[in-house]
Amino acid sequence: MNEKIFVTQPFFPDRKLFDSYVDRIWEGKWLTNNGPLAMEFENKLIDYLQTKNVTLTVNGHLALEIAVRALDLTGEVITTPFTFASTTHSITSAGLTPVFCDIDPETLTIDVTKIETLITDKTSAIAPVHVYGHPCNVREIERIAKKYNLKVIYDAAHAFGVKLEETKGICEFGDISMLSFHATKLFNTIEGGALAYNGNYKRKLDLFKNFGIENEDTVSCIGLNAKMNEFQAAMGLSNIGYIDDIICRRKVLTGHYRTRLDEIPGIRYFVPEKTEGVKYNYSYMPVCINPVEYGMDRNALYLKLKEQDIFARKYFYPITSEFDCYKHLPSDVPEAKKASESVLCLPIYYDLTIEQIDRICDIIKSR
Ligand SMILES: *Cc1c(COP(=O)(O)O)cnc(C)c1O
């Protein structure tokens, strides 16, 4: 029997540290609704993310949902189909229409040269994704948004801790950025999420995350329930101290993968190693398989690894424009489709060992 290796494994902080926060929950008898730990965590994130404001949420998806509502979007939102279900669902569940834009095959993020051709008089926003933590072309998106008076909501679920232009936090761009702190993400609060932004959206986002309740006598909009609870905040406060160590460890693991995979024709690491001014977070280990050179396609490699108890993930597959609920919508996204059929995310997480990476790469090499 082989030891099973999954694509990811949650990070756990020191148990005593977590317990010290749990003791405070017991003493304060406060479980949710902007408790003291949530407020403390929010302030820590403002420092770390370098934005003026942070709004914590129970998960990343509901963060996107309340952001779409708080920005008063209407009509159409230009977005990418090479993403997780959440991005597209957050647009449609607010009664808006997603307009699928193809991706740049080099970075797998939205192809900025195609955005303007999709803008109509109904377009109200652009919703790009920093895929695998690789920053979108934020400056070009900013230029387009300004020119056509559009809002920009970034799905930054993969991009916690990423910096660009040397010192800027990734969430400093766009109107609002969404982060996910799901168990499987680089940084977790069990489940959880946040919106980070410089604009004046705090009051509105707070309304939408708590049923639209303005005060005891007034409910002013159709809000959701998206509040982060104190146990999630305790996990966040415990884990935030490890973040530099987590990213450092992943950098080492990624480096080893790259050295080993460079020996194998037809397998290419997908994220550019050095992009000018970018501090990367190594949140995923995506590889692109060229079936002609490698002698096997992505699905065959996925199954071969699975037979040996290595559980890689076809991420993102299928693209959201091919979901049953969206396939009736128009889309011309050949690069996104190609990527979804050739990318495989290999296991990467804090406790993964060099020996385990060698085992994975030996299997990939032994065609
Ligand atoms: C994880 C993820 C989300 C949703 O976050 P949850 O916290 O799981 O709700 C949204 N978009 C992308 C790209 C993700 O990877």
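A few points about this structure:
- The chain: relative contact order as a whole-number percent, Cα under 8 Å and 6+ apart: 23 percent
- Selection from CYS325, ILE243, ILE363 lying farthest towards where the dipole of the stretch 216-367 points positive, charges on Cβ: ILE363
- Cβ-placed point charges (K, R +1; D, E -1), dipole of the chain about Cα centre in debye, nearest 20: 220 debye
- Looking at the stretch 268-316, the GluC sites (Glu not before Pro) that sit in a DSSP loop and have at most 11 other Cβ atoms within 10 Å of their own Cβ are GLU273, GLU276.
- Centre-to-centre, using Cα atoms only, the stretch 238-305 and the stretch 132-189 are separated by 21 Å.
- Residue (of PRO13, ASN2, GLY60) at the positive-pole extreme of the stretch 1-94, dipole from beta-carbon charges: ASN2
- Count of Lys pairs (Cα-Cα under 22 Å; at least 8 positions apart or interchain) in the stretch 79-163: 8
- Gain in span if fully extended, GLU165 to CYS325, counting 0.36 nm per residue against the direct Cα distance: 53.8 nm
- Residue-wise HN-Hα coupling along the stretch 173-185, computed from phi with Karplus coefficients 6.51, -1.76, 1.60 (Hz; x: Gly, Pro): 9, x, 6, 9, 10, 9, 10, 10, 10, 4, 3, 8, 8
- For the pair LYS122 and LYS251, label points projected 7 Å from Cα toward Cβ lie 4.6 nm apart.
- Working from Cα pairs under 8 Å separated by at least six residues, relative contact order for the stretch 1-157 is 17 percent.
- With 10 Å bins from 0: P(r) over the stretch 81-188, alpha-carbon pairs, percent: 14, 49, 32, 5
- Fully extended contour minus Cα-Cα distance, from LYS4 to GLU276, at 0.36 nm per residue: 94.2 nm
- Charge dipole of the stretch 1-142 about the Cα centre (unit charges at C-beta), most positive-ward option of PRO36, LEU118, THR79: PRO36
- Candidate lysines - alpha carbon under 28 Å from LYS4, same-chain residues fewer than 8 apart omitted: LYS185, LYS251, LYS304, LYS306, LYS314, LYS365
- Order of MET235, MET296, MET39 under a 10 Å beta carbon neighbour criterion, fewest first: MET39, MET296, MET235
- Per-selection Kirkwood Rh - the chain (Cα, Å, 1 d.p.): 21.3 Å
- From least to most packed, judged by other beta carbons within 10 angstrom and beginning with the fewest, LEU96, LEU56, LEU17, LEU179 follow the order LEU17, LEU96, LEU56, LEU179.
- The stretch 178-256, relative contact order [Cα under 8 Å, separation at least 6], %: 25 percent
- Two-site FRET efficiency, ASN290 against THR74, from Cβ-Cβ distance with R₀ of 56 Å, rounded to 0.05: 0.85
Read-outs throughout are calculated quantities, based only on the coordinates presented, and are distinct from any laboratory measurement. Owing to the predicted nature of the structure, the values given are computational and were not obtained by experimental measurement. Backbone-built Cβ (ideal geometry, glycine too); neighbour counts: all protein chains shown.
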